[in-house]
Amino acid sequence: MSATASIDFDMVVIGANGDLARRKLLPSLYLLDLDSVLPPGRIIGVTRHALSTEAYREEVAEHLRIHLPEGAFRDDVWQRFAERLVYAHVSAADRASYGPLESLLGERPDAERVFYLSTPPQLYGAISQAVREAGLITDSTRIVLEKPIGHDLASAQAINHAVANAFPNEDQIYRIDHYLGKETVQNLMALRFGNALFEPMWRAEHVDHVQITVAESIGIEGRGSYYDHAGALRDMVQNHILQLLCLVAMEPPARLDQTSIREEKIKVLRALRPIAERDVHDKTVRGQYRAGAIDGQPVKHYLDEDRVAPDSTTETFVAIKAEIDNWRWAGVPFYLRTGKRMQQRQSEIVIHFRAVPHRLFADKAGAIQDNRLVIRLQPNESIRLGMMVKVPGIGMKLRAEDLNLNLAETFKQRTPGAYERLLLDVIRGNATLFMHREEVETAWRWIEPILDAWSERGDAPRAYMAGTWGPSESIALVVRDDRAWSEQLT
Ligand code: BG6
């Protein structure tokens, strides 16, 4: 990343004392400053509490020390960064309280102005309106909205509509999905469109199926009051996993700009085959974790977590067989899976190619495994291509081995976190990695019937022990099709 010297910005972080601001936003801005790529500018923290700028800076320092990687907090950088921090005591949904922000922003009318809403989404409409009424929206002002945008299609539409009333230009609205800022997700584009090798194979004639797994070993991390009303489908699939699916499945865009990429992603979302109520049992699996152990440490039953209803039926795991009804992907299932408290943190995309059409080798040469391209998002970002090779020695014995590109080892440099890249994009006014209103709503159109069918059927989620790969029904989901999840093959 290189500095953009001509930009001068004012980023207003609304909800500056929230978990996201403390854990992600401020540490990411600090790391950009540490790397000398953050343009000159101010970060204006806004909350409903009366606080001096001095006290706010102390609070930020305290949280940076907790959340930054070891060794990253340096006194010289902190001095520089602290100078950028300003505090404004404003109740963001209440227009009458905007005085302090009006004076601050009025000092620098030409700075690039960004409002980052790190608040519950129910407030997005009211805050946008208050910002508008306070006269703080210039032609280039941007507003950043965190997920979840809505709880279902209607609430997502209501939020988008309310924000659009204040910001009529869609280009000013940045809906963030931090998965799009991850290094390996970016690499997926390089892999697909920077190499002539894969594109001809990237279709139903050659691909047997695709797996997208986002497995987490963490639980709900004190977020029970949010998570118990959301569940894995809303929290992870509606956004992160569908975005990954789009990047795998989309047609090559004509250009790498925001409109071209968004258009291609929307086409994929529209081509997703709806999962009807009669199919929901065969194509989806919901799970909820029970007490178990991860890395030798005991972990609680989901129902014993704080702020979770004792009889909650919220899913902490979901697996789905998705199908894309278009020319390129007809007949190629996309198996999607995500869960909390799984055996290990592992996010990957697996492109499973078709079997060789004719076996040339004698039985004693061993089984021939289909080629697999594994794009590992985290941890240890890598790209591996599983191929059959001959075992050295007399006689023909075959074995599957990986061509392995370990990105950390190859490049030996710090990979910027997803929020770092995305925050810099917002400051620079580059919306390529952000979601268009239509993407969010189209994703809800596919997700909502699944939610409705689940609630119609009233089935309880399947139990799985913490520290496993999810309920056995999720294994059956792929075994039924004569396939297996990737960890069962390695
Ligand atoms: C968030 C979800 O959007 O993504 C969390 O709300 C989840 O539940 C997190 O843990 C995962 O992000 P990452 O970057 O750690 O994979």
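Over the heavy atoms of Glu170, what accessible area does a 1.4 Å probe trace out, to the nearest 10 Å²? Result for Glu170: roughly 40 Å² accessible.
Spin-label model, Ile475 to Leu256: label points 7 Å out along the Cα-to-beta-carbon direction sit 4.3 nm apart. Extending 7 Å from the Cα toward the beta-carbon at both Asn195 and Ala293 defines two label points whose distance is 4.0 nm. Average accessible surface for region 1-143: 44 Å² per residue, computed with a 1.4 Å probe over protein heavy atoms with every protein chain in place. Other residues within the sphere of radius under 9 Å centred on the Cβ of Pro148, judged by their own Cβ, net out at 0 (K and R +1, D and E -1). Taking 0.36 nm per residue of sequence separation and removing the Cα-Cα distance, the Ala154/Glu487 pair yields an extension gain of 116.1 nm. Counting only heavy atoms of the protein chains, get the accessible area per residue of region 319-365 (1.4 Å probe) and round it to a whole Å² value. Spelled out: the 1.4 Å probe surface of region 319-365, per residue, equals 46 Å².
Using a simple spin-label model with pseudo-atoms 7 Å out from Cα toward Cβ, Thr53 and Arg270 lie 4.9 nm apart.
When both bridge partners sit in the chain, DSSP labels roughly 55% of those beta bridges antiparallel.
In a shell of Cβ-Cβ distance under 14 Å around Glu448, excluding Glu448 itself, what net charge do Lys and Arg (+1) and Asp and Glu (-1) give? Could you put the intermediate results ahead of the total?
Values: positive: Arg234, Arg445; negative: Asp152, Glu277, Glu441, Asp452, Glu456.
Combined, the nearby Lys, Arg, Asp and Glu give -3.
If you line up the long axis of helix 75-84 against the longest principal axis of the chain, both from Cα atoms, how many degrees apart are they, to the nearest 10? Between helix and principal axis, roughly 60 degrees. Along its three principal directions, the equivalent ellipsoid of the chain from the Cα gyration tensor extends over semi-axes of 41, 26, 23 Å, largest first.
Scan the chain and report its longest stretch carrying no chymotrypsin sites (Phe, Trp or Tyr not before Pro) that are both in a DSSP loop and have at most 15 other Cβ atoms within 10 Å. Intermediate results must be reported in sequence, preceding the final value.
Details: sites that count: Phe198, Trp327, Phe361.
Maximal segment without exposed cleavage sites: 1-197.
Axis angle, to the nearest 10 degrees, between helix 153-166 and the longest C-alpha principal axis of the chain: 30 degrees.
Considering only the Cα atoms of region 366-414, their convex hull presents on average a projected area of 4.3 nm². Per-residue ellipticity at 222 nm from helix content only, as computed over the chain with -39500 (n - 2.57) for each DSSP H run of at least four residues, stands at -9500 deg cm²/dmol. Per the Kirkwood formula applied to alpha carbons, region 145-231 shows a radius of gyration over Rh ratio, Rg over Rh, of 1.08. For the chain, with all protein chains in place and a probe radius of 1.4 Å, 51% of the accessible heavy-atom surface sits on carbon or sulfur. Once backbone amide H atoms are built at 1.01 Å from N, Ala463 has Gln288 as its partners under 5 Å, excluding neighbours fewer than 5 places away on the same chain.
Per residue, how large is the accessible surface of region 220-270? Use a 1.4 angstrom probe and give square angstrom. Could the numbers behind the result be given before it?
Working: 1850 Å² over 51 residues.
Normalised by residue count, the accessible surface of region 220-270 is 36 Å².
The values are calculated or read from the model by the stated rules, or taken from the named source; none is laboratory data. Every value quoted in this text rests on a predicted model; they were computed, and no experiment measured them. As a convention, Cβ positions derive from the backbone with ideal geometry for all residues, glycine included, and neighbour counts pool all protein chains shown. Quick note on the areas: whole protein, heavy atoms, side chains included, nothing else; ligands and nucleic acids left out. Shrake-Rupley method; radii C 1.70, N 1.55, O 1.52, S 1.80 Å.
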